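**Q** First, the structure itself, so that you have it in front of you.
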Amino acid sequence: MKSLNIRAAKEQDLVSISQLYDRVTTALETGINYCGWAKGFYPTAETAQSAFDKNRLYLVEQEQQVVGSFVLSQDFEPCYEQAQWSLPSDYSKILVVHTLAVDPAHAGKGIGKKILDFVCQHGTSLGITSIRLDTYEKNLPAIALYEGCGFRFAGKVDLGRSDRGLDWFHCYEKLLPCSDT
């Protein structure tokens, strides 16, 4: 694999990340939409702008081209309290991954794994005890990625998206080396 650079997004990256979201959602319209994302609905340029404004937006570059993006925060959905986490929900010691997107032209090349490796290393450097995320229950590629990277299934939750046909989401967690368990 060619060298990847993962870093916090800069303002000038917002257009490229929005274009990435368009490529992803366009591909989902013409193929199997495992994640339930929809063009013009989620993720959008506003999704990127909001995450950037809170210093939470990251990107993955390969040869100066944006091939992936994700959001890191300590925000969680209230329904996360229903999951069976390994550690107490002290979100000051937990990072949550949101909106992990990989360019369809680069899918299957290990970029998702590199993102999760980066998140775990970054979390460890910050003294974070666990990484959490969720995915639509039928997002089989994401489930395989998360489980393959050592994330543990923590239960199903309702994120309130049944109006879009997205009834259940699977929660995953990975404990980091600095955790007590």
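Only the coordinates and a few stated rules stand behind these numbers; no lab work does. All values reported here derive from a predicted model rather than from experimental measurement. Glycine gets a Cβ as well: all are built from the backbone with ideal geometry, and neighbour counts include every protein chain shown.
**Q** Return the tail of the calculated pair distribution for the chain, meaning the percent of Cα-Cα pairs more than 21 Å apart.
**A** The calculated P(r) of the chain puts 48 percent of pairs beyond 21 Å.
**Q** Next question, about the same structure. Among the trypsin sites (Lys or Arg not before Pro) within the range 1-73, which fall in a DSSP loop and have no more than 12 other Cβ atoms within 10 Å of their own Cβ?
**A** Hits after loop and neighbour filter: LYS2, LYS10, LYS54.
**Q** Can you tell me the dipole magnitude for the chain around its Cα centre, using point charges on the Cβ only (Lys, Arg +1; Asp, Glu -1), in Debye to the nearest 20?
**A** In total the dipole reaches around 420 debye.
**Q** How about the range 1-42: which chymotrypsin sites (Phe, Trp or Tyr not before Pro) there lie in a loop by DSSP and see at most 12 other Cβ atoms within 10 Å?
**A** Taking the range 1-42 and a limit of 12 other Cβ atoms within 10 Å, the loop chymotrypsin sites (Phe, Trp or Tyr not before Pro) found are PHE41.
**Q** May I ask you to list the residues of the range 119-155 whose amide nitrogen lies under 18 Å from a point 7 Å from Cα along the Cα→beta-carbon direction of ILE32?
**A** Counting only backbone N, you get 135-148.
**Q** Based only on other Cβ atoms within 10 Å, what is the fewest-to-most ordering of TYR42, TYR58?
**A** TYR42, TYR58
**Q** Just subtract the alpha-carbon distance of GLU81 and LYS156 from 0.36 nm times their residue separation and send over the number in nm, one decimal.
**A** Between GLU81 and LYS156, full extension yields an extra 25.9 nm.
**Q** If you don't mind, there's one more thing I want to ask. How long is the gain from GLU63 to GLN49 if the chain were fully straight, where each residue apart is worth 0.36 nm and the alpha carbon distance is subtracted?
**A** Here the answer is 2.7 nm.
**Q** While we're on this one: Have a look at the range 88-144 and give its Rg and Dmax from the Cα atoms, expressed in angstrom.
**A** That works out to 12.7, 39 Å for Rg and Dmax.
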